[in-house]
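Comments concern the structure below.
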Amino acid sequence: MLSDIVLRAAEPNDLEDMIEVFNDAFSDGKWHSRCFPPSDPESAKGTAIYIGSGFTDTESHLVVAEDTSSGAPVVAGWARWIRRPVAGPGTESAPPILKEDMFPQTGDPRLAVRFLTATSEATRRYTEGRPFWALSTIAVRKSHQRRGIGGELMRFGLTRVDEDGWMAYLNAQPDGKALYRRFGFRTLDVQDFGLGITSSPMKRE
């Protein structure tokens, strides 16, 4: 592990820092900036709910990477890995029905529905009937990128994936694909939503 980077389980009082890291890491992303304008209060509210849900989901594993090089630890990045056993007969949950009024109206709610519906369907299609670990989110501050932190957050999850002997799955944005390929993920498809926005289902056996 990097000598000045410490990984530990995320705690609820990390939420504010995790939101800050998330917003910084994805501020230039075409998908996030178009569908969740940072100036819209609804975007901030939705981000807080999304990240906070990881603390109540018993199958979620939230990990933060702290930079200790300057004395007081700084949350430099974090990841959310989700363990998904195969649902038993009659216990499968129905896919969520997304509507445009669920998303910030100053953004592009139609695109948000298309994008999230498509990625949800891709996840079901490529994992159906198999237990798997999903990488839901990985975010690193811009000031800390290209220092190996993303790799450490990947190893955290993949160690648990390999302990279970399961596959790992994610829906990749273009900027993350090189990292994921380095850790053995292969691209299954490329979903093109126009406007330079794509999502790539990726799997690691």
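The values are calculated or read from the model by the stated rules, or taken from the named source; none is laboratory data. Predicted model only: the values in this text are computed from it and were never measured. Counting neighbours? That spans all protein chains shown, and the Cβs are built from the backbone with ideal geometry, glycine included. In case anyone asks, the SASA skips ligands and DNA or RNA and just uses the protein heavy atoms, side chains included. Shrake-Rupley method; radii C 1.70, N 1.55, O 1.52, S 1.80 Å.
Below are the figures for this structure:
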item	result
For Gly194: the one exception among (1) open to solvent by less than 50 Å² (accessible area, probe 1.4 Å); (2) in contact (Cβ under 8 Å) with a residue 24 or more places away in the chain; (3) outside any helix (DSSP H, G or I)	(2)
Lone unmet requirement of (1) modelled with pLDDT of 95 or more; (2) under 27 Å from Val190 (Cβ atoms); (3) part of a helix (DSSP H, G or I) for Ala134	(3)
Members of the stretch 117-148 found to be closer than 15 Å to Leu170 by Cβ, in contact with a helix residue (DSSP H, G or I) (Cβ under 9 Å, 6 or more places away or on another chain) and not hydroxyl-bearing (Ser, Thr, Tyr), listed by number	Phe132, Trp133, Ala134, Leu135, Ile138, Ala139
Pick from the stretch 165-184, criterion of a type outside the set (Gly, Ala, Ser) and in contact with a Leu (Cβ under 7 Å, 6 or more places away or on another chain), ranking: least open to solvent (accessible area, probe 1.4 Å)	Leu170
Filter result for Tyr126 (of a type in the set (Phe, Trp, Tyr), under 30 Å from Glu100 (Cα atoms) and open to solvent by less than 10 Å² (accessible area, probe 1.4 Å))	no
So Thr159, is it surrounded by 13 or more Cβ atoms within 10 Å (Cβ to Cβ) and either free of Cβ contacts under 8 Å to residues at least 24 places away in the same chain or not in a strand (DSSP E or B) (or both)	no
The stretch 161-185, residues that are more than 27 Å from Ser27 (Cα to Cα) and among the aromatic types (Phe, Trp, Tyr)	Trp166
Listing of strands (runs of 3 or more DSSP E) fully contained in the stretch 1-85 that carry 1 or more residues being out of contact with any Asp or Glu (no Cβ under 7 Å at 6 or more places or on another chain) and open to solvent by less than 30 Å² (accessible area, probe 1.4 Å)	60-67, 74-84
